[in-house]
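The values are calculated or read from the model by the stated rules, or taken from the named source; none is laboratory data. Just so you know, these numbers come straight off a predicted model, no measurement behind them. Positions of Cβ are backbone-derived with ideal geometry, glycine not excepted, and every protein chain shown enters the neighbour counts.
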Amino acid sequence: MLLLLSIICLTAIAMLVHELGHLVAARLCKVPASELGLGLGPKLVTISIGSIGVSFRLVPAGSFVRLDGTVLKQCSVPAQLFVHLGGVIFNLVAGVSTWGTTFSWLNLLLAAGNALPLYQHDGWKCGVVILRALMQRTSKPLERAFTFSGGFVSLLLAWYVARLFV
């Protein structure tokens, strides 16, 4: 029971590290952020820290940073990629710097999961930014095809990794 509680708490901290990565990258690129959400669903409580509202939500199964998407889209492609990958970068740094611990593995797993091109994950967002840059426009059919194929590739990768441990 203590191990399970420890893993839940460390996962929450790893998610906070991830979102702080996005927040720091956004600040460095002058992209405003209004909220850092821990959990999903209805807000339970919001605490203001400077200009950011930190909200704690009912379902402890995710986290997010609410960025100004209009400002982000006006940034250069490298800046957009940096903001989208800020969380993965922070998780990799935390994972490597705490190597050999449960916290390390949770951070590395969170980084790997977010790097996959799954819909609304960081890898998917980076793929959409790159597609739009290559096409020099938005293409809904191409983005839908990328979303479907990204989900399929992610499923294949997960299946392959799972087979390594069976």
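Got a number for residues in the range 1-53 being in contact with a Pro (Cβ under 9 Å, 6 or more places away or on another chain), loosely packed, with under 13 Cβ neighbours inside 10 Å and under 24 Å from L92 (Cα atoms)?
1
Suppose we keep only residues that are part of a strand (DSSP E or B) and of a type in the set (S, T, Y) within the range 22-68. Which one would you say is farthest from Q80 (Cα to Cα)?
T46
Would you pick out the residues in the range 154-164 that are over 18 Å from the mean Cα position of the chain (by Cα) and surrounded by 14 or more Cβ atoms within 10 Å (Cβ to Cβ)?
none
Of the numbered conditions (1) under 22 Å from L108 (Cβ atoms); (2) without any contact (Cβ under 8 Å) to a residue 60 or more places away in the chain, T11 fails exactly one; give the number of that condition.
(2)
Could you grab me the full set of residues in the range 61-115 that are basic (K, R) and free of Cβ contacts under 8 Å to residues at least 12 places away in the same chain?
Across the range 61-115, the qualifying residue is only K73.
How about the range 129-166: which of its residues are more than 20 Å from A115 (Cβ to Cβ) and hydroxyl-bearing (S, T, Y)?
T138, S139 - these are the residues of the range 129-166 that are more than 20 Å from A115 (Cβ to Cβ) and hydroxyl-bearing (S, T, Y).
Just to be sure before I move on: is T138 hydroxyl-bearing (S, T, Y) and out of contact with any Lys or Arg (no Cβ under 9 Å at 6 or more places or on another chain) in the structure I sent?
When the stated conditions are applied, T138 does not pass them.
Scan the range 106-142 for residues that are assigned to a helix (DSSP H, G or I) and surrounded by fewer than 16 Cβ atoms within 10 Å (Cβ to Cβ) and jot them down.
Correct list: L109, I130, A133, L134, M135, K140, P141, L142.
Looking at this structure, is S48 hydroxyl-bearing (S, T, Y), under 18 Å from the mean Cα position of the chain (by Cα) and modelled with pLDDT of 95 or more?
It is false that S48 is hydroxyl-bearing (S, T, Y), under 18 Å from the mean Cα position of the chain (by Cα) and modelled with pLDDT of 95 or more.
Here's the yes/no breakdown for (1) under 12 Å from the mean Cα position of the chain (by Cα); (2) closer than 15 Å to S154 by Cβ:
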| position | (1), (2) |
| --- | --- |
| N91 | yes, no |
| A94 | no, no |
| A112 | yes, yes |
| A115 | yes, yes |
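May I ask you to say which residue of F152, F90 is touching a Leu at 6+ places or on another chain (Cβ under 7 Å) and either more than 25 Å from S6 (Cβ to Cβ) or among the hydrophobic types (A, V, I, L, M, F, W, C) (or both)?
Exactly one residue qualifies, and that residue is F90.
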